[in-house]
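Worksheet for the structure shown next.
The values are calculated or read from the model by the stated rules, or taken from the named source; none is laboratory data. As the structure is a computational prediction, the values presented were derived from the model and not from experiment. Cβ atoms come from the backbone with ideal geometry, glycine included; neighbour counts cover every protein chain shown. Side chains are part of the model used for accessible areas, which takes the heavy atoms of the whole protein and leaves out ligands, DNA and RNA. Shrake-Rupley method; radii C 1.70, N 1.55, O 1.52, S 1.80 Å.
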Amino acid sequence: MAKPGKPFLYLLFEAGIGRGRDLCAGTGLCGKCRIRFLDDAPAPCADDQVRLSAEELAAGWRLGCKHLVLQSCDIEVPAFDPRTLAGARGEGLAVDIGTTRIKWSLCSRVGHSPEFAMVNPQMGVGSEVMSRLRYALSSDAARDHLRQSVITVLKDLVRQSGAVSLAVCGNSTMIATLLDAPLGGLAYAPYSLPWRGGETVCIDVALPEAYIPPLLGPFIGADISAGLAYISTLEPQYPFLLADLGTNGEFVLALDAEHFFACSVPMGPAIEGVGLCCGAMAGVGVLSRVNLGPKGLQWSGAPLSGISGTGYASLLALLRRLDVLDEAGHFQVVTMPLARKIAQQIRDHRLGHIFDLEPGVFVAERDVEEFLKAKAGVNVALRSLVRRAGLLEGDVLRIYLAGALGEHADPSDLITLGFLPEAWREKIHVVGNTALAGTLLALEREEIRDWLADLPRRVVVESLVEKENFGAAFMQAMRFVWV
């Protein structure tokens, strides 16, 4: 029985129907939550008219995220074949519960499996941690739905892999939700941790006991401590910076083996291709890299069905170099012949100005703004850490890039867009999913768990969003240059 006034998207989530779909978390952009009213369809809203054809609207199709349950009704939901959750077997299972995606790998006597991933089913109730917290705090039932959605995934992974040991990392909200810990300190200022991690716990009686690395702060979770554990095995040069660029941007500047400074900023799911007009997970037909040729823009694979987060970064960086995209994130016509030819792909659209790639696949200026917000947050965080440590940018010897954007994007594109300064170009090391790599190490090696147990006393966490000047610094950084 659905509660009146609840979005149909929440109803799909709570019924388990939305699990594994690529969702835009209720922004009305992806169209994946479409439902068909078999009788008395509500009047279409503006987002319905943008995403659905006239024939679909006439047949009763609507976006589930844009309509509320108001009365008893019959609906139809399109069939959906979820991705396979596991493709290998192993004795140990390491899982990284990200806000947007859940990733995992297996360890066995012969080594580690590849990394697997799926959309976090919690995306059905919001794209970022605050929306999840609001939902969880709305009722005990909602809180349990949120928790069980991830526990169901873990049970499936354990069953299909045959794993007998388990280690889990994630940001502080993901871990607190998973363990049914108090959430108030994560939802409201002054922020505080309900549980500090670094323990082996029982998540559910149907699962092996799970080791969870320590949580370093309300917004610096077990994924970052696991990532630092992995970096420690690389014999890093100090001072170094770990930049985990995901839905949340989390950053750690290590002066030496005993002194770490950490902070975080919300970046949003845009850098993972989520919540954008043509955003999609990487795969066949999804744009992930754009090159410049004699005739204009070039990419492999056709026809396109969407654009990944790294595809957006690649395209925006190229347009920036050609001045087809200005510092403020607006498309513009230029005079250079090749750039002028490429600028002919700028169109007027009901969503505003867009840059057309193929029919139905485009970048809108509203997408660009979401990238600008992520870029601004990164700028503020990195500048704050460097100053807090008493350093200049050039003093940092290594920059380790991790997270969804850091792991896959070309560092040159991030420099062009102003995420990182030019002074770091030769110092950047792309290190992949450090959170999952460190969790695997902790699953296998006691000395890694010992290293993690001692980590919290060495870390000073800085709360940026509570500083008075954060808003002004953020707005100043809303340009595609390092500021």
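The fraction of accessible area contributed by carbon and sulfur in the range 173-265 is 52 percent, rounded to a whole number (1.4 Å probe; ligands and nucleic acids excluded).
Exposed loop GluC sites (Glu not before Pro) only (DSSP loop, at most 13 other Cβ atoms within 10 Å): please give the longest stretch of the chain free of them, not including the sites. Here the longest segment lacking exposed loop sites spans 1-208. In plain terms, the chain from GLU444 to ARG457 could stretch by 2.3 nm, reckoned as 0.36 nm per residue minus the Cα-Cα distance.
Applying 1/(1 + (r/R0)^6) with r as the Cβ-Cβ distance of ASP348 and ASP144 and R0 = 30 angstrom yields a FRET efficiency of 0.05. Averaging the Cα positions of each part gives two centres, and for the range 433-483 and the range 136-178 these lie 22 Å apart. Per residue, the chain reaches -9000 deg cm²/dmol at 222 nm when only DSSP H runs of four or more residues are counted, each adding -39500 (n - 2.57). Under the combined filter of DSSP loop state and at most 15 neighbouring Cβ atoms within 10 Å, the range 235-321 retains these trypsin sites (Lys or Arg not before Pro): LYS295. Highest mean packing comes first when the peptides 376-383, 299-306 are listed by Cβ atoms within 10 Å, giving 376-383, 299-306. Between VAL483 and VAL50, residue separation times 0.36 nm minus the direct Cα-Cα distance comes to 152.3 nm. With 27 Å as the limit, the listed pairs LYS295/LYS375; LYS66/LYS155; LYS32/LYS373; LYS32/LYS155; LYS375/LYS427 have LYS295/LYS375; LYS66/LYS155 beyond it between alpha carbons.
Taking all protein chains into account, the per residue accessible area for the chain stands at 41 Å² (1.4 Å probe). Among the helices of the chain, those built from whole DSSP H runs whose Cα atoms reach 20 Å or more along their own axis and whose mean Kyte-Doolittle hydropathy is at least -0.5 are 140-161, 365-388.
Packing here is the average count of other Cβ atoms within 10 Å per residue, and on that basis the peptides 219-225, 44-50, highest first, run 219-225, 44-50. Per-residue extension of 0.36 nm, minus the Cα-Cα distance of ASP74 and ALA472, leaves a gain of 138.4 nm for this segment.
As a fraction of the 1.4 Å probe accessible area of the range 316-426, surface on carbon and sulfur atoms comes out at 49 percent. When peptides 173-184, 472-483 are ranked by their average number of other Cβ atoms within 10 Å per residue, the highest-first order is 173-184, 472-483.
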